[in-house]
Every structure is written in structure tokens, then in C-alpha cells.
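Before any comments, here is the structure.
What follows draws every value from the coordinates through simple rules; no lab data is involved. Computed from a prediction, not measured in an experiment: that's the story for all the values here. Cβ atoms come from the backbone with ideal geometry, glycine included; neighbour counts cover every protein chain shown.
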Amino acid sequence: MMLLEVKDLSVAYGEIEALRGVSFTIDEGAVVALLGSNGAGKSTTLRAISGLVAPRAGSILFDSKPIAGLSPRTIVKLGVAHVPEGRRVFPGLTVRENIMLGASNGNASAAAIRGDADGMFDLFPSIRPFADALGWTLSGGQQQMVAVARGLMAKPRLLLLDEPSLGLAPVVMQAVFQIIAEIHKRGTTVLLVEQNAHMALKVANWGYVLESGRLALGGDSATLWSDERIRDAYLGGEQARATT
């Protein structure tokens, strides 16, 4: 079943066109990688879906309902959570408090929210020992896990992840992608923006490639990665071959 449909989406920052007529779909239960070079429009696509920027043209349908132009808070309540690039962990709050901030249901009791936060430590056991530590004391990888856990507190049907491996050591990056696979296994649909095309396509079912604000191509992950011309043009060329 189709969960998200983006159709003819255009976004501009002043006179600069960031996206031009982008269209794609995501089926429920899929992990989809959105790839492309810096400035291709990947983060802008996520920001448009989550309501952080308003489209200039086009439509965004989530579960067959139009969401373009709705507030980010409303979109979260409909079932879309966005984990932006940069982690944005609050340094003066504990890990548990940071995670609890992700709860979007204003009717939930403090005890229920705390219980959901405790459940996040089952998914992210490596940060459980730091539950009462302040956010600034965590490593980059631990902060990334807190950011993803915070996004999952909204119990989204669609999780938008923007560059989750940015700046992480290889072993920590592997752990983050294992968590993405586990999130998928638990039934959450994931749209993943990621510079590391190899890792992204290993965890994704499908991929789309943006180039200069336009959708250049899409296909199943194995096809995208196995095509040498595609790797050379969009996915890192010699560097990509070196990681296979």
C-alpha cells in the first residue's frame, strides 16, 4: 500500500530553486534511500514533507491525505517524524529527558511518556547506561541514537532520517544502520537521506537519486548499486567501487 506520494514538488528559497517538479512514491513498510550530491535537494525534500518549508508548487499525500502546507506539529500527529541532520541533542537535559521531548501526544500522562522512553532503551541498549547523563557528555554516535529515539517517541508510521551517519566512526556507523534495519523490522517506514550510498542501499529496498533539484532516477537498491554507470554518475564512482 502506498503511504507517501510526492507529486511535482517544487521548493524555492527566495530566487533559488531547490526542488523542481520532483515526484516519487513510498510504499508502507519500505526503507527508501534518497541519494545525491551536496545541494541536490535531499534535505529540502525531507523538510517539505515534514512541514518545515512550504512548497511553491506540487502536492504531498500521506496516507492519501494532503499534508503540504500543514504545520510540522500537525504532520507529526498524523504519523510523520523527522530526525534532522546534526542530532540537536539538548546539552543541559538528560538522555531520558531528551528522548521524552519526542512524545507528540499531548494527552499522554507523564508516566506513559516515561514508560515509552524506557522502551527506547530496549531498542538502543548502548545508551541505557547514560539515561540520566546530560546530553553534552555523549559521543557523536550516542547523540545520534538519542536523536533517532526521540523521533520514534512520536510512534510514526513514516520516519524521515537526514544524514544519520554524518561524522561517525565506521564502527558506530554500522551500529546506526543496524538500528535502522531493526526499526524497519518493527514495521516503521523509513525515508533515509544519506551521503554513504553503499550503506544506504544495503539497508534500503528502493532508492531515488536527486540531481540539481530534479529526480534523476529511481530503482531497487540492488539495481542501482550494481550499475557501474549509475555509481560513476551519482554514487561516488571510484570511491564507491572501493567500498564494495
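Each peptide in 161-173, 202-214 receives the mean, over its residues, of other Cβ atoms within 10 Å, and ordering these scores from highest gives 202-214, 161-173.
Each 5 Å bin, from zero up to the one with the longest distance, holds this percent of the alpha carbon pairs of segment 2-242: 1, 7, 14, 18, 19, 17, 12, 8, 3, 1, 0. Scanning residues 5 or more positions from Ala57 or on other chains, those with amide H under 5 Å from its amide H are Ser10, with H placed 1.01 Å from N in the peptide plane. Give, rounded to the nearest 20 debye, the magnitude of the charge dipole that the chain has about its Cα centre when Lys and Arg contribute +1 at Cβ and Asp and Glu contribute -1 at Cβ. Roughly 480 debye, rounded to the nearest 20.
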